[in-house]
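This report refers to the structure that appears directly beneath it.
The values are calculated or read from the model by the stated rules, or taken from the named source; none is laboratory data. All values derive from a computational prediction rather than experimental measurement. No Cβ is skipped: glycine too gets one built from the backbone with ideal geometry, and neighbour counts run over all protein chains shown. For accessibility, only protein heavy atoms count, side chains too; no ligands or nucleic acids. Shrake-Rupley method; radii C 1.70, N 1.55, O 1.52, S 1.80 Å.
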Amino acid sequence: MIKASDIHKSYGSLEVLRGISLEVAPSEVVAITGASGAGKTTLLQILGTLLRPDSGVAEIAGTNVFSLNDNELSRFRNRHIGFVFQFHHLLPEFTALENVCIPAYIAHRERRECEKRGRELLAMMGLEHRMTHKPSELSGGEQQRVAIARALINEPSVLLADEPSGNLDSRNREEIHRLFFELRERLGQTVVLVTHDEELAATADRKIVMSDGIIL
């Protein structure tokens, strides 16, 4: 599902990624760990096509993503990649259901179909009773589950998560961890997680450890 070959990225004289190569299989849950500054988030941003590498090749679902122009890449990202961040980035003026549906609206999907799928995903997250609530009316764990549903609305090839439970208490952290594996079982979802949480990393199918811009 993901194949990256010899990825390099520098900022000025600072070499952040020094020849990263990795593969992720369909429906695999992979955790990327390492100390702060190891290059984990930069790698995730490149795999998510938010950042272009200085050199190297990345394929997602069989597409050489950095051969695409910016408009093509934006469309590919919207359709094939779901993002979950440490902070949920929900839009405060919209309800949970509206927040979930926004990526589908951007993809010009039919509104009734978007809302039907959004309700299904929120129900899967245990939030069927919170669909009309705005983010300020939701707990931190509920907000993150809305963000995960939003990431899934376009049925992405890959779900990328950067410290998805880093801002949650222990109970909500455990629920979010369990949810990623339920998504794999129920949807066949491929998941790549960047995390400092060794407990989460230990439950993944595979743990990749980074240090100073390389995979150990």
**Prompt:** Taking the stretch 138-158 only, how many residues are among the basic types (Lys, Arg) and under 15 Å from residue 116 (Cα atoms)?
**Reply:** 1
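Here is a check on your reading of the model: is residue 88 part of a loop (DSSP other than H, G, I, E, B), surrounded by fewer than 16 Cβ atoms within 10 Å (Cβ to Cβ) and out of contact with any Asp or Glu (no Cβ under 9 Å at 6 or more places or on another chain)? Walk me through how you get there before you give the answer.
Numbers: part of a loop (DSSP other than H, G, I, E, B): yes; surrounded by fewer than 16 Cβ atoms within 10 Å (Cβ to Cβ): no; out of contact with any Asp or Glu (no Cβ under 9 Å at 6 or more places or on another chain): yes.
It is false that residue 88 is part of a loop (DSSP other than H, G, I, E, B), surrounded by fewer than 16 Cβ atoms within 10 Å (Cβ to Cβ) and out of contact with any Asp or Glu (no Cβ under 9 Å at 6 or more places or on another chain).
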**Message:** Restricting to the stretch 142-155, count the residues that are touching a Lys or Arg at 6+ places or on another chain (Cβ under 8 Å) and either basic (Lys, Arg) or surrounded by fewer than 22 Cβ atoms within 10 Å (Cβ to Cβ) (or both).
**Reply:** 2
**Complete:** Within the stretch 10-19, the residues that are touching a residue at least 60 places away in the same chain (Cβ under 8 Å) and either closer than 30 Å to residue 188 by Cβ or open to solvent by less than 90 Å² (accessible area, probe 1.4 Å) (or both) are 15, 16, 17, 19
**Message:** I'd like the full set of residues that are assigned to a helix (DSSP H, G or I) and surrounded by fewer than 20 Cβ atoms within 10 Å (Cβ to Cβ), limited to the stretch 109-119.
**Reply:** 111, 112, 113, 115, 116, 117, 119
**Asked** What number of residues in the stretch 95-108 are open to solvent by 10 Å² or more (accessible area, probe 1.4 Å), under 23 Å from residue 164 (Cβ atoms) and either free of Cβ contacts under 8 Å to residues at least 40 places away in the same chain or in contact with a Gly (Cβ under 6 Å, 6 or more places away or on another chain) (or both)?
**Response** 4
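Test of understanding: among 122, 160, 127, which residue is more than 25 Å from residue 24 (Cβ to Cβ), open to solvent by less than 30 Å² (accessible area, probe 1.4 Å), modelled with pLDDT of 90 or more and not aromatic (Phe, Trp, Tyr)?
Details: 160 fails: more than 25 Å from residue 24 (Cβ to Cβ); 127 fails: modelled with pLDDT of 90 or more.
None of the others qualify; the one that does is 122.
Is it fair to say residue 149 is in contact (Cβ under 8 Å) with a residue 40 or more places away in the chain, small (Gly, Ala, Ser) and under 14 Å from residue 89 (Cα atoms)?
For residue 149, the condition - in contact (Cβ under 8 Å) with a residue 40 or more places away in the chain, small (Gly, Ala, Ser) and under 14 Å from residue 89 (Cα atoms) - is met.
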**Asked** List, please: which pairs have Cβ atoms under 6 Å, are six or more places apart or on different chains, and start with a residue in the stretch 63-81 that is farther than 18 Å from residue 3 by Cα and end with one that is β-branched (Val, Ile, Thr) and modelled with pLDDT under 90?
**Response** 78/106
**Asked** Which of (1) in contact with a helix residue (DSSP H, G or I) (Cβ under 6 Å, 6 or more places away or on another chain); (2) at pLDDT 90 or above is the odd one out, the single condition residue 25 does not satisfy?
**Response** (1)
**Message:** Against the conditions (1) of a type in the set (Lys, Arg); (2) open to solvent by 70 Å² or more (accessible area, probe 1.4 Å); (3) under 16 Å from residue 159 (Cα atoms), where does residue 77 fall short? Just the number, please.
**Reply:** (2)
